[in-house]
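Scroll down for the structure; my scribbles are underneath it.
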Amino acid sequence: MRQSDFLKVIKMLSFLTFLAFFLALIGSTVIIALGIAGAYLIIAGKFMRFSPPVPSSGKTKKAMLEHAAKYLEQHENLTVTDLGSGWGTLLLPLAKHFSSHRFVGYELANLPYYISKLRASRLKNLQFKRQNFFNVNLSNADVIFCFLLPSAMQECEDKIHRTAAGREAL
């Protein structure tokens, strides 16, 4: 191998080493940022009376969607409300499939709210509101979704019984 070829290989290896280091640095920064954001959501939620977004497990989401679909197929023009709608993973597929129903999601955390709103921008029957659902009148809700941390579920259940008795609650 000629010396000039050897120098090219060394330069290429140096560049690749730098690139790998840079990507690792970015990756670890992202992981740290996500950890800080998660800690903020948990700590802020304790003091600001909201739960951090709690993604539904695959099994839970599937069961809720199947149960809701069976119910929605038997009715027309219902208002489906999701208390603590998070990223919108329950309301979005339902709103796409059941255009005759109206869907409303309430989410207090900024990031999930704005992402949900963006994802729902083309659906006329789906609306996300950045609002504390404990301060919302649920008397117009026909079906209510609620999947929160256990510490918030009891308070949510009490609110549903007080303001939306007789509604289908999931």
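Please tell me if residue 84 is surrounded by 15 or more Cβ atoms within 10 Å (Cβ to Cβ), out of contact with any Pro (no Cβ under 7 Å at 6 or more places or on another chain) and modelled with pLDDT of 90 or more.
Against the criterion (surrounded by 15 or more Cβ atoms within 10 Å (Cβ to Cβ), out of contact with any Pro (no Cβ under 7 Å at 6 or more places or on another chain) and modelled with pLDDT of 90 or more), residue 84 does not qualify.
Scan (1) within 18 Å of residue 71 (Cα to Cα); (2) modelled with pLDDT of 95 or more; (3) not acidic (Asp, Glu) for the single condition residue 128 breaks and write down its number.
Every condition holds for residue 128 apart from (1).
What do you reckon, is residue 77 of a type in the set (S, T, N, Q), in contact with a His (Cβ under 9 Å, 6 or more places away or on another chain) and free of Cβ contacts under 8 Å to residues at least 60 places away in the same chain?
Criteria met by residue 77.
What about residue 84, is it within 21 Å of residue 150 (Cα to Cα) and touching a residue at least 60 places away in the same chain (Cβ under 8 Å)?
Yes: the conditions hold for residue 84.
The values are calculated or read from the model by the stated rules, or taken from the named source; none is laboratory data. Just so it is clear, the model here is predicted, and its values are computed rather than measured. Positions of Cβ are generated from backbone atoms using ideal geometry, with glycine treated the same way; all protein chains shown enter the neighbour counts.
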